[in-house]
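The structure appears right after this line, and notes come after that.
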Amino acid sequence: MSAAAPKKAKRENMPQKKKPQQRHGFRTGEYIVYPAHGVGKIEAIEEQEIAGASLELFVINFEQDKMTLRVPTAKLESVGMRKLSEDKVVKKALTTLKGKARVKRTMWSRRAQEYEAKINSGDLIAIAEVVRDLYRSEAQPEQSYSERQLYEAALDRMARELAAVEKIENDDAVAKIDDILAKSAKSLKAAQEAAVEEEQTEAA
(Lines give C-alpha, C1' and ligand atoms only; values in the text may rest on other atoms or scores of the structure.)
Protein backbone atom coordinates (compact mmCIF):
# COMPACT_ATOMS: atom_id res chain seq x y z
CA MET A 1 0.00 0.00 0.00
CA SER A 2 2.81 2.39 0.92
CA ALA A 3 4.62 1.56 -2.37
CA ALA A 4 1.62 2.77 -4.39
CA ALA A 5 1.45 6.15 -2.61
CA PRO A 6 4.57 7.73 -4.23
CA LYS A 7 3.28 6.72 -7.71
CA LYS A 8 -0.02 8.48 -7.06
CA ALA A 9 1.76 11.60 -5.83
CA LYS A 10 3.99 11.55 -8.90
CA ARG A 11 0.97 11.37 -11.21
CA GLU A 12 -0.69 14.32 -9.45
CA ASN A 13 2.47 16.43 -9.84
CA MET A 14 2.70 15.85 -13.60
CA PRO A 15 2.39 19.19 -15.42
CA GLN A 16 -0.94 19.61 -17.19
CA LYS A 17 -0.90 20.65 -20.82
CA LYS A 18 -1.45 24.38 -20.92
CA LYS A 19 -4.33 25.56 -23.12
CA PRO A 20 -3.30 27.99 -25.87
CA GLN A 21 -4.38 31.59 -25.31
CA GLN A 22 -4.13 32.83 -28.89
CA ARG A 23 -4.67 31.49 -32.41
CA HIS A 24 -4.82 33.28 -35.78
CA GLY A 25 -4.78 36.67 -34.03
CA PHE A 26 -7.76 35.83 -31.77
CA ARG A 27 -7.33 35.61 -27.98
CA THR A 28 -9.38 34.04 -25.22
CA GLY A 29 -11.59 36.62 -23.48
CA GLU A 30 -11.98 38.58 -26.72
CA TYR A 31 -15.33 39.54 -28.26
CA ILE A 32 -15.72 38.56 -31.91
CA VAL A 33 -18.40 38.63 -34.61
CA TYR A 34 -19.66 35.33 -36.00
CA PRO A 35 -21.87 36.24 -39.00
CA ALA A 36 -24.59 33.66 -38.40
CA HIS A 37 -25.02 34.53 -34.70
CA GLY A 38 -23.58 38.00 -34.07
CA VAL A 39 -21.30 38.98 -31.17
CA GLY A 40 -19.79 36.22 -29.04
CA LYS A 41 -16.92 35.86 -26.59
CA ILE A 42 -14.02 33.42 -26.97
CA GLU A 43 -14.06 31.50 -23.68
CA ALA A 44 -11.24 29.07 -24.48
CA ILE A 45 -9.14 27.43 -27.16
CA GLU A 46 -9.20 23.68 -26.68
CA GLU A 47 -8.21 20.45 -28.36
CA GLN A 48 -10.60 17.59 -29.01
CA GLU A 49 -10.00 14.21 -30.54
CA ILE A 50 -12.55 13.48 -33.27
CA ALA A 51 -12.31 10.22 -35.23
CA GLY A 52 -8.73 9.74 -34.08
CA ALA A 53 -7.63 13.18 -35.27
CA SER A 54 -6.78 16.08 -32.96
CA LEU A 55 -8.83 19.18 -33.67
CA GLU A 56 -8.22 22.63 -32.21
CA LEU A 57 -11.37 24.61 -31.47
CA PHE A 58 -12.45 28.08 -30.40
CA VAL A 59 -15.09 27.81 -27.67
CA ILE A 60 -17.40 30.79 -28.27
CA ASN A 61 -20.15 31.83 -25.88
CA PHE A 62 -23.16 33.81 -27.14
CA GLU A 63 -24.52 35.05 -23.83
CA GLN A 64 -27.74 36.58 -25.15
CA ASP A 65 -28.72 33.36 -26.96
CA LYS A 66 -27.46 31.17 -24.09
CA MET A 67 -25.47 29.17 -26.62
CA THR A 68 -21.91 27.86 -26.87
CA LEU A 69 -20.33 27.12 -30.23
CA ARG A 70 -17.14 25.16 -30.95
CA VAL A 71 -15.47 26.38 -34.13
CA PRO A 72 -12.38 24.67 -35.60
CA THR A 73 -9.55 27.24 -35.64
CA ALA A 74 -8.74 26.21 -39.22
CA LYS A 75 -12.25 27.14 -40.44
CA LEU A 76 -12.28 30.80 -39.45
CA GLU A 77 -12.18 32.06 -43.01
CA SER A 78 -14.99 29.83 -44.28
CA VAL A 79 -17.35 30.78 -41.40
CA GLY A 80 -16.40 34.47 -41.71
CA MET A 81 -15.50 35.01 -38.05
CA ARG A 82 -13.96 38.44 -37.55
CA LYS A 83 -12.80 40.90 -34.94
CA LEU A 84 -15.09 43.69 -33.74
CA SER A 85 -15.36 46.59 -36.17
CA GLU A 86 -12.88 49.43 -35.88
CA ASP A 87 -14.09 52.87 -34.78
CA LYS A 88 -14.15 54.24 -38.34
CA VAL A 89 -16.43 51.37 -39.48
CA VAL A 90 -18.76 51.95 -36.50
CA LYS A 91 -18.82 55.68 -37.34
CA LYS A 92 -19.70 54.89 -40.98
CA ALA A 93 -22.47 52.50 -39.86
CA LEU A 94 -23.97 55.18 -37.59
CA THR A 95 -23.77 57.70 -40.47
CA THR A 96 -25.55 55.15 -42.71
CA LEU A 97 -28.52 55.29 -40.32
CA LYS A 98 -28.93 59.01 -41.11
CA GLY A 99 -29.43 58.41 -44.83
CA LYS A 100 -32.71 58.17 -46.68
CA ALA A 101 -34.28 54.70 -46.72
CA ARG A 102 -33.68 52.93 -50.03
CA VAL A 103 -36.58 50.63 -50.67
CA LYS A 104 -36.62 48.74 -53.96
CA ARG A 105 -39.92 48.33 -55.73
CA THR A 106 -39.67 44.55 -55.84
CA MET A 107 -41.77 41.85 -54.19
CA TRP A 108 -41.45 41.72 -50.41
CA SER A 109 -40.27 38.08 -50.49
CA ARG A 110 -37.32 39.09 -52.70
CA ARG A 111 -36.48 42.07 -50.48
CA ALA A 112 -36.80 39.98 -47.32
CA GLN A 113 -34.21 37.53 -48.71
CA GLU A 114 -31.84 40.41 -49.46
CA TYR A 115 -32.29 41.84 -45.96
CA GLU A 116 -31.66 38.43 -44.37
CA ALA A 117 -28.50 37.99 -46.45
CA LYS A 118 -27.26 41.39 -45.25
CA ILE A 119 -27.99 40.56 -41.59
CA ASN A 120 -26.18 37.21 -41.84
CA SER A 121 -23.24 38.69 -43.73
CA GLY A 122 -21.82 40.02 -40.46
CA ASP A 123 -21.02 43.30 -42.25
CA LEU A 124 -21.92 46.12 -39.83
CA ILE A 125 -22.59 48.68 -42.58
CA ALA A 126 -24.87 46.26 -44.49
CA ILE A 127 -26.75 45.58 -41.23
CA ALA A 128 -27.08 49.35 -40.64
CA GLU A 129 -28.64 49.65 -44.12
CA VAL A 130 -31.32 47.11 -43.12
CA VAL A 131 -32.02 49.02 -39.87
CA ARG A 132 -32.30 52.30 -41.84
CA ASP A 133 -34.50 50.85 -44.61
CA LEU A 134 -36.93 49.07 -42.27
CA TYR A 135 -37.18 51.77 -39.58
CA ARG A 136 -40.62 53.30 -39.09
CA SER A 137 -41.14 56.52 -37.14
CA GLU A 138 -44.40 57.10 -35.23
CA ALA A 139 -45.69 59.20 -38.13
CA GLN A 140 -45.13 56.42 -40.67
CA PRO A 141 -47.36 53.42 -41.48
CA GLU A 142 -47.08 50.29 -39.36
CA GLN A 143 -44.67 47.52 -40.32
CA SER A 144 -45.89 44.08 -41.25
CA TYR A 145 -44.99 41.24 -38.87
CA SER A 146 -42.17 39.95 -41.10
CA GLU A 147 -40.77 43.48 -41.60
CA ARG A 148 -40.77 44.01 -37.84
CA GLN A 149 -38.98 40.70 -37.25
CA LEU A 150 -36.22 41.54 -39.73
CA TYR A 151 -35.90 45.07 -38.36
CA GLU A 152 -35.51 43.78 -34.80
CA ALA A 153 -32.98 41.13 -35.87
CA ALA A 154 -30.86 43.78 -37.64
CA LEU A 155 -31.22 46.25 -34.76
CA ASP A 156 -30.16 43.57 -32.26
CA ARG A 157 -27.07 42.60 -34.30
CA MET A 158 -26.02 46.22 -34.72
CA ALA A 159 -26.64 47.15 -31.08
CA ARG A 160 -24.68 44.18 -29.75
CA GLU A 161 -21.61 45.06 -31.78
CA LEU A 162 -21.90 48.76 -30.91
CA ALA A 163 -22.19 47.83 -27.21
CA ALA A 164 -19.10 45.58 -27.40
CA VAL A 165 -17.01 48.19 -29.26
CA GLU A 166 -18.02 51.14 -27.07
CA LYS A 167 -18.13 49.04 -23.87
CA ILE A 168 -21.67 50.11 -23.04
CA GLU A 169 -24.82 48.20 -22.11
CA ASN A 170 -26.89 46.68 -24.90
CA ASP A 171 -29.93 48.81 -23.97
CA ASP A 172 -27.81 51.98 -24.21
CA ALA A 173 -26.62 50.94 -27.68
CA VAL A 174 -30.25 50.38 -28.79
CA ALA A 175 -31.21 53.80 -27.37
CA LYS A 176 -28.32 55.44 -29.24
CA ILE A 177 -29.40 53.87 -32.56
CA ASP A 178 -33.08 54.78 -31.92
CA ASP A 179 -32.11 58.37 -31.19
CA ILE A 180 -30.14 58.71 -34.46
CA LEU A 181 -33.03 57.17 -36.46
CA ALA A 182 -35.68 59.40 -34.83
CA LYS A 183 -33.67 62.60 -35.35
CA SER A 184 -32.90 61.64 -38.94
CA ALA A 185 -36.59 60.89 -39.67
CA LYS A 186 -37.54 64.27 -38.20
CA SER A 187 -35.01 66.22 -40.28
CA LEU A 188 -35.90 64.30 -43.48
CA LYS A 189 -39.60 65.06 -42.89
CA ALA A 190 -38.83 68.74 -42.30
CA ALA A 191 -36.77 68.85 -45.52
CA GLN A 192 -39.61 67.21 -47.49
CA GLU A 193 -42.18 69.65 -46.08
CA ALA A 194 -39.91 72.57 -46.93
CA ALA A 195 -39.53 71.29 -50.52
CA VAL A 196 -43.31 70.91 -50.92
CA GLU A 197 -43.85 74.44 -49.54
CA GLU A 198 -41.27 75.82 -51.99
CA GLU A 199 -43.00 74.08 -54.92
CA GLN A 200 -46.36 75.52 -53.89
CA THR A 201 -44.90 79.02 -53.55
CA GLU A 202 -43.32 78.76 -57.01
CA ALA A 203 -46.59 77.48 -58.51
CA ALA A 204 -48.50 80.38 -56.98
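Listed values, structure above:
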quantity	calculated
Subset of the stretch 81-90 that is free of Cβ contacts under 8 Å to residues at least 60 places away in the same chain and outside any helix (DSSP H, G or I) - its residue that is surrounded by the most Cβ atoms within 10 Å (Cβ to Cβ)	MET81
Residue under evaluation GLY122, criteria (1) assigned by TED's automatic domain parsing to the domain that holds GLU166; (2) at pLDDT 95 or above; (3) under 13 Å from the mean Cα position of the chain (by Cα), criterion not met	(2)
Every pair of residues 6+ apart whose Cβ atoms lie under 8 Å, when the first sits in the stretch 141-156 and is in contact (Cβ under 8 Å) with a residue 40 or more places away in the chain and within 16 Å of ASP65 (Cβ to Cβ) while the second is buried (at least 19 other Cβ atoms within 10 Å of the Cβ) and not hydroxyl-bearing (Ser, Thr, Tyr)	ASP156/GLY38
Lone qualifier among ALA126, ALA93 - being surrounded by 17 or more Cβ atoms within 10 Å (Cβ to Cβ), closer than 18 Å to ILE32 by Cβ, of a type outside the set (Lys, Arg) and free of Cβ contacts under 8 Å to residues at least 12 places away in the same chain	ALA126
Qualifying positions in the stretch 116-171 - in a helix (DSSP H, G or I) and of a type in the set (Gly, Ala, Ser)	ALA117, ALA126, ALA128, SER146, ALA153, ALA154, ALA159, ALA163, ALA164
Any hit, the stretch 53-73, residues being in the same structural domain as ASN170 (by TED's automatic domain parsing), hydrophobic (A, V, I, L, M, F, W, C) and buried (at least 18 other Cβ atoms within 10 Å of the Cβ)	no
Any hit, the stretch 133-147, residues being under 27 Å from LYS41 (Cα atoms) and of a type outside the set (Val, Ile, Thr)	no
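The values are calculated or read from the model by the stated rules, or taken from the named source; none is laboratory data. Everything numeric in this text was worked out from a predicted model, so none of it was measured. All Cβ positions, even for glycine, are placed from backbone atoms using ideal geometry, and neighbour counts span all protein chains on display.
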